[in-house]
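Following: one structure in structure tokens, then a few remarks.
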Amino acid sequence: MTTEDINNLVEHQLDCWTLARNNFDALRAVGRRPLKSGDLTLYAQHNPARAVSTGAKTDAASIKARPCFLCKANRPEEQMDGEWMPGWELLVNPFPILPIHFTIVDTAHRPQDEIPLEMAAMAEAAPDLAIFFNGARAGASAPDHRHCQAVLKSELPLLRLAEKAHTHDMADIVSSESFGLDLPFHFYSAIIRPDEIGMANLYRMTKIKGVDANTGCPDAGLVNAFFWIDASGYLRIIVIPRRAHRPSCYYAEGDRHFMVSPGALDMAGLLILPAKEDYERMDADKAREIYAEVAFADKLP
């Protein structure tokens, strides 16, 4: 899928879906400002239309009480779909964070369990895109239906950092702890080579789990993952083990409250803030505090 194919698909969808068109048009007014902190470039981004996703109730009772909005039978009539590859449909996300934003949905209703191996084929089929995954407890607003998403890989600071720090002469799988950089959290980075060892490494990366901060138990739902093709044509993977779904400030009251629920794009360096007052008062220290609460700032599990 070329850049032209991607743009044509988005334009065709927006021509026939007013809600999506209005939300994509609203991106022109989205605010973004840098948060100077360490070696990972961070940005606070004000996306008012993301309030629904950021505030989504993902507990079992709430999920059971509503129809699954990713199942084909429950989607808006205007939403175009098509099987992109066996078992997966490509949809334009009607609540975009970035000007190119797709949701890639399993055609079967099954839970958001572990990182799908099919993300490798998706990245190879669309080399301009980064395919990303929010674990069931790491930013997924539909933990009951397996899906991933895609944006332009050039938009994500974390991917650029990984390509620069994890060079092709290093081990195929490394921890960011070995980079010697000042980072707000740590992650695993992989270069997947087209051989038997590479396929084994691909499988290993999809099995990484987070660790629940309260119970100390491994949890496949506490991860974010990115798959993309680098400038040399190699498949790259980042997996971020998580400690928690949301930071304490999400539940706090008064001035201590921030409506922020980090998913993959937040972890990639774009801290999405639906509320204008949160956007205006977010600073580098608060961002690092949030990342440290939901991920591993000192040592990976």
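At a 1.4 Å probe, what is the % contribution of carbon and sulfur to the accessible area of the range 157-301?
Working: 3090 of 6110 Å².
Roughly 51 percent, rounded to a whole number.
For the chain, with a Gaussian network of springs between Cα atoms less than 10 Å apart, report the residue from Ala200, Ala126, Ala65 with the top mean-square fluctuation.
Ala65
What is the dipole size for the range 56-113, taken about its Cα centre, with +1 at each Lys and Arg Cβ and -1 at each Asp and Glu Cβ, in debye to the nearest 20? The partial results should precede the final answer.
Details: 6 positive and 8 negative charges, 58 e Å.
Here the range 56-113 has a charge dipole of around 280 debye.
Which one of Asp195, Asp128, Asp144 has the biggest mean-square fluctuation once the chain is modelled by GNM with Cα springs under 10 Å?
Asp195
Please give the per residue accessible area of the range 156-301, computed with a probe of 1.4 Å over protein heavy atoms only, in Å².
So the range 156-301 comes to 42 Å² accessible per residue, rounded to a whole number.
Using the Karplus equation 6.51 cos²θ - 1.76 cosθ + 1.60 (θ = phi - 60°), what ³J(HN,Hα) coupling, rounded to whole Hz, does each residue of the range 122-136 give in order, writing x for Gly and Pro?
Taking θ as phi minus 60°, the curve returns 5, 4, 5, 6, 9, x, 7, 9, 9, 9, 10, 10, 9, x, 4 Hz for the range 122-136.
Give me the lysines in straight-line cross-link reach of Lys286: C-alpha distance below 30 Å, same-chain residues under 8 apart excluded.
Lys36, Lys57, Lys153, Lys164, Lys209, Lys276, Lys299
Taking R0 as 22 Å, what's the FRET efficiency between Arg281 and Ala29 from their Cβ-Cβ distance, rounded to 0.05?
Calculated transfer efficiency: 0.70.
Report, by chain and number, residues whose modeled amide H sits under 5 Å from the one on Leu42, excluding near sequence neighbours (fewer than 5 apart, same chain).
When sequence neighbours closer than 5 places are left aside, the close amide H contacts are Leu35, Ser37.
Work through the residues other than Leu129 whose Cβ is under 12 Å from its Cβ and net out their charges, Lys, Arg +1 and Asp, Glu -1.
Charge balance near Leu129 sits at -3.
Antiparallel as a % of all DSSP beta bridges within the chain, to the nearest 5?
Percentage antiparallel, nearest 5: 90.
Taking Rh as the Kirkwood radius computed over C-alpha pairs, what is the Stokes-Einstein D of the range 188-256 at 20 °C in a medium of viscosity 1.002 mPa s, expressed in µm² per second?
Answer, rounded: 154 µm²/s.
Over 31 Å apart: what share of the alpha carbon pairs of the chain falls there, rounded to a whole percent?
Of all Cα-Cα distances in the chain, 24 percent exceed 31 Å.
Could you state the number of Å between the C-alpha centres of the range 83-103 and the range 133-189?
Cα centroid of the range 133-189 versus Cα centroid of the range 83-103: 20 Å apart.
Using a Gaussian network for the chain with springs between C-alpha atoms less than 10 Å apart, which of these wobbles most: Ala49, Ala29, Ala190?
Comparing Ala49, Ala29, Ala190 in a Gaussian network model of the chain, the most mobile one is Ala29.
The values are calculated or read from the model by the stated rules, or taken from the named source; none is laboratory data. Keep in mind that what you see is a predicted model, and the values were worked out from it rather than measured. Cβ atoms come from the backbone with ideal geometry, glycine included; neighbour counts cover every protein chain shown. Only protein heavy atoms, including side chains, enter the accessible area calculation; ligands, DNA and RNA are left aside. Shrake-Rupley method; radii C 1.70, N 1.55, O 1.52, S 1.80 Å.
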